[in-house]
Structures are given as structure tokens and as C-alpha cells.
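Notes to accompany the following structure.
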Amino acid sequence: MNASMLAPPARVLVTKIGLDGHDRGSRIVAAYLRDAGMEVIYTPPWQSTSAVVKLTMEEDVDVIGISSLATDHLIVPKLMAALRAAGLGHVGLVVGGIVPEDERPALIEAGVSAIFGPGSARDEIIGHVAKLAAKVRALKNAALREIAQ
């Protein structure tokens, strides 16, 4: 799927939760997504889960991208639970960075759509995020139609 096919453009929050301050990779991915035509909301590092939930709601985000260099990806299941509790369980979530193989299943089980490690291809990241955003939009539109009836 081409990122420019969504109108309005996909809204993606790129952020870091926890105490990891290394943000070079997240800045690069944010630029990839922006250059592909997506609207990117980029935060500085050290975000709390509650801040990410609040920003997701305020910015009407389709997809969240969490960057992890240390062990901050272990906070992601808590973030997913907080999103569901806030009525934002439909929002897509991807993780990028250093995630050991034995810790990946817990993230997928929590609802993470994809995990992109070092060396992931630009087009692979963009394509997955675009497809995920389209899926999220379809779910939101179906829910709105159901409410309207």
C-alpha cells in the first residue's frame, strides 16, 4: 500500500517510553514516514505511558511507533493495556530497535503488529505502517457507521 493513498494522511506518533534517551533511530524512521507522506507527531524521549495515551487521543493517531534501544520495549504491554482502557485499542502499534528474540512473543501477544530491528528496510517499515494505518481507519470507520445506525 502506498502511504499517499490515505486521505487525510496517516497520523503516526513516533516516541520513546521509559528512560532510554537514544533517539537517533526514531528520528530516522520519523523522517522516512514523513517523506512518504504521513503526518508524524514526534516526541522527545522519556515519555510515560499515560502521556503517550493522552497524546494518542488528542492527536487522533492511527499508529504508534515505539523505539527501544535498552529494555523499554518491556513497558509496551502496559502501554497496550492503557490504550485499551482508554478506548484506543484500535490504534496500531509497532516497535523498532533492539528487541531480543525471546522477548518478541510477549510483544506480539500484547498486540504489537510488527517489530523492526536494526537493518530493517525503509520500504518495509513504510509499507507496514501504511497498511496498518489503513486497517485502523477501516476499523474506526466501521465503528462510526455502527454508532450512526
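Does LEU132 fit the bill of being outside any loop (DSSP other than H, G, I, E, B), in contact with a His (Cβ under 7 Å, 6 or more places away or on another chain) and hydrophobic (A, V, I, L, M, F, W, C)? No, not satisfied. Touching a strand residue (DSSP E or B) at 6+ places or on another chain (Cβ under 6 Å), free of Cβ contacts under 8 Å to residues at least 60 places away in the same chain, on the phi < 0 side of the Ramachandran plot and not aromatic (Phe, Trp, Tyr): is that true of HIS73 in this structure? Yes: the conditions hold for HIS73.
Of the strands (runs of 3 or more DSSP E) lying entirely inside segment 1-89, the ones with 2 or more residues being under 20 Å from PRO105 (Cα atoms) are found at 63-68. Considering (1) more than 15 Å from LEU132 (Cβ to Cβ); (2) surrounded by 17 or more Cβ atoms within 10 Å (Cβ to Cβ); (3) touching a His at 6+ places or on another chain (Cβ under 9 Å), the lone condition that GLU103 does not fulfil carries the number (2).
Go through the residues of segment 142-149 one by one and say whether even a single one is loosely packed, with under 13 Cβ neighbours inside 10 Å, within 25 Å of HIS22 (Cα to Cα) and not aromatic (Phe, Trp, Tyr). Lay out the reasoning, then the answer.
To start, the set of residues in segment 142-149 that are loosely packed, with under 13 Cβ neighbours inside 10 Å comprises 142-149.
Right, trim to within 25 Å of HIS22 (Cα to Cα) and you get none.
No: segment 142-149 contains no residue that is loosely packed, with under 13 Cβ neighbours inside 10 Å, within 25 Å of HIS22 (Cα to Cα) and not aromatic (Phe, Trp, Tyr).
Assess whether ILE66 counts as being touching a Pro at 6+ places or on another chain (Cβ under 8 Å), surrounded by 15 or more Cβ atoms within 10 Å (Cβ to Cβ) and within 16 Å of THR15 (Cα to Cα). Break it down stepwise before answering.
On the way: touching a Pro at 6+ places or on another chain (Cβ under 8 Å): no; surrounded by 15 or more Cβ atoms within 10 Å (Cβ to Cβ): yes; within 16 Å of THR15 (Cα to Cα): yes.
No.
Just one of the listed residues (GLU59, GLU101) is of a type in the set (Asp, Glu) and within 16 Å of THR15 (Cβ to Cβ), namely GLU59. Among the conditions (1) touching a residue at least 12 places away in the same chain (Cβ under 8 Å); (2) in a helix (DSSP H, G or I), the only one that GLU124 does not satisfy is (1).
Would you mind finding the one in TYR42, TYR32 that is of a type in the set (Ser, Thr, Tyr), at pLDDT 95 or above and closer than 19 Å to ALA134 by Cα? Break it down stepwise before answering.
On the way: TYR42 fails: closer than 19 Å to ALA134 by Cα.
Result of the check over TYR42, TYR32: TYR32.
Of all the criteria given as (1) in contact with a strand residue (DSSP E or B) (Cβ under 6 Å, 6 or more places away or on another chain); (2) under 17 Å from TYR32 (Cα atoms); (3) among the hydroxyl-bearing types (Ser, Thr, Tyr), the one not satisfied by SER120 is (1). Listed residues GLY119, GLY18; which is buried (at least 17 other Cβ atoms within 10 Å of the Cβ), over 25 Å from ALA7 (Cα atoms) and at pLDDT below 95? Checking each option against the conditions leaves just GLY18.
The values are calculated or read from the model by the stated rules, or taken from the named source; none is laboratory data. Given the structure is predicted, the values throughout are model-derived calculations rather than measurements. Using ideal geometry, Cβ is built from the backbone for each residue, glycine included, and neighbour counts are taken over all protein chains shown.
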